[in-house]
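Report on the structure given below.
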Amino acid sequence: MASVGVVLSERLARYGFGDGHPFGPDRLAAFVREFAARSLGARVTAIEPRTASEAELRSFHTPEYLDFVRERSASGTGFLDAGDTPAFKGVYEAAAGVVGATLAAMEAVMEQRCRRAFVPIAGLHHAARGRAAGFCVFNDCGVAIEQLKSRGLSRIAYVDIDAHHGDGVFYAFEEDAAVVFADLHEDGRYLYPGTGSAAESGRGAAVGMKLNVPLPPGADDEAFALVWPRVMAHLTKYDPQFIILQCGADSIDGDPITHLRLSPGSHGRAARELAELAEASGHGRVLALGGGGYNRDNLAHAWTAVVESLLH
Ligand SMILES: [Zn+2]
């Protein structure tokens with residue numbers, strides 16, 4: 001059995017946009033309840049989160065954007081983007097806490113305190129270097145990739161099975177040959193953010209290194225099974241030194257804001273096969289980040305399925 005680290009701290013629940021919002025603070029509790037019901041606590045190592053420093057946030061985000069979030073965080077009013085992502089008092093600290101949780105888990109894997117790790121609530125893949133988007137204030141995936149690069153890694157895989165395209169990660173690293181990217185998502189003609197066509201495959205030094213696979217509304221486990229081998233083949237070609245999985249649960253049947261129909265079994269399969277690939281490479285490093293998911297039962301089942309797969 002592999003050693004798996006999980007961040008369970010209540011601090012993650014500070015990142016939420018109020019009761020009644022799809023991204024409400026109750027998402028963490030929904031995961032923790034199912035995690036306890038499956039008796040996973042005794043099988044994993046708890047990772048204590050920390051707050052990301054300004055320097056770490058600046059490795060991905062622009063200083064101007066950090067100043068803007070700090071101002072809105074103090075006033076607690078208005079939006080951080082055109083209307084999806086409301087400001088609240090302390091949003092800067094809450095978002096920096098999510099990034100810190102992802103970095104703490106990344107460090108635990110890199111320093112071999114655990115073989116693999118999972119962080120719920122994290123995986124805020126829409127935030128761009130200079131702006132918030134789609135419930136995402138700071139892009140913990142992007143900061144983690146920058147930090148892995150600064151540790152000397154030159155082939156980092158980012159895999160995304162959230163219903164929405166991981167545009168914040170994709171465009172930030174579109175020309176970066178250190179980032180192997182693979183993203184299954186609902187076709188942008190039907191769902192926010194509208195990007196991620198199959199033709200978007202990387203630019204400059206990274207031509208061909210980015211795989212975008214749009215799925216039609218209603219795509220189920222069978223559709224997933226048809227395209228998932230393409231993701232594995234794409235990653236295998238580049239032999240990544242570290243694998244990040246954004247396992248958003250909004251691609252599961254019954255999500256209130258998307259139209260995909262996967263089951264948690266697809267999420268479990270993705271985590272299992274990525275762990276096997278990492279083992280085949282000799283390092284074993286997989287960091288799974290919860291991502292979206294607005295049906296509480298779905299996120300609880302998908303994320304615990306991912307943890308169970310990482311344990312094997
Ligand atoms: Zn999503």
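Here are a few things to note about the model shown:
- Per the conditions (1) aliphatic (A, V, I, L, M); (2) over 8 Å from Leu289 (Cβ atoms); (3) in contact with a strand residue (DSSP E or B) (Cβ under 7 Å, 6 or more places away or on another chain), the sole criterion not satisfied by Ala122 is (2).
- Of everything in segment 41-71 that is over 21 Å from the mean Cα position of the chain (by Cα) and within 20 Å of Leu310 (Cα to Cα), the residue that is surrounded by the most Cβ atoms within 10 Å (Cβ to Cβ) is Arg43.
One line per residue, one yes/no per condition, for (1) of a type in the set (D, E, K, R); (2) modelled with pLDDT of 95 or more; (3) surrounded by fewer than 24 Cβ atoms within 10 Å (Cβ to Cβ); (4) away from the ligand (no atom under 16 Å from the Cβ):
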residue	(1), (2), (3), (4)
Ala128	no, yes, yes, no
Ser150	no, yes, yes, yes
Ala157	no, yes, no, yes
Thr195	no, yes, yes, no
Val207	no, yes, yes, yes
Pro214	no, yes, yes, no
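- Taking (1) under 26 Å from Ala30 (Cβ atoms); (2) within 13 Å of the ligand (Cβ to nearest atom); (3) assigned to a loop (DSSP other than H, G, I, E, B) in turn, Val169 satisfies each apart from (3).
- Scanning segment 216-247 for residues that are within 16 Å of the ligand (Cβ to nearest atom) and touching a His at 6+ places or on another chain (Cβ under 7 Å) returns Pro217, Gln246, Cys247.
- Top-ranked residue of segment 259-312 - restricted to ones that are open to solvent by 10 Å² or more (accessible area, probe 1.4 Å), in a loop (DSSP other than H, G, I, E, B) and within 13 Å of the ligand (Cβ to nearest atom), ranked as farthest from Leu28 (Cα to Cα): His259
The values are calculated or read from the model by the stated rules, or taken from the named source; none is laboratory data. Only a predicted model underlies this, so the values are computations on that prediction, with no experimental measurement involved. Cβ atoms come from the backbone with ideal geometry, glycine included; neighbour counts cover every protein chain shown. With ligands, DNA and RNA removed, areas are computed over all heavy atoms of the protein, side chains included. Shrake-Rupley method; radii C 1.70, N 1.55, O 1.52, S 1.80 Å.
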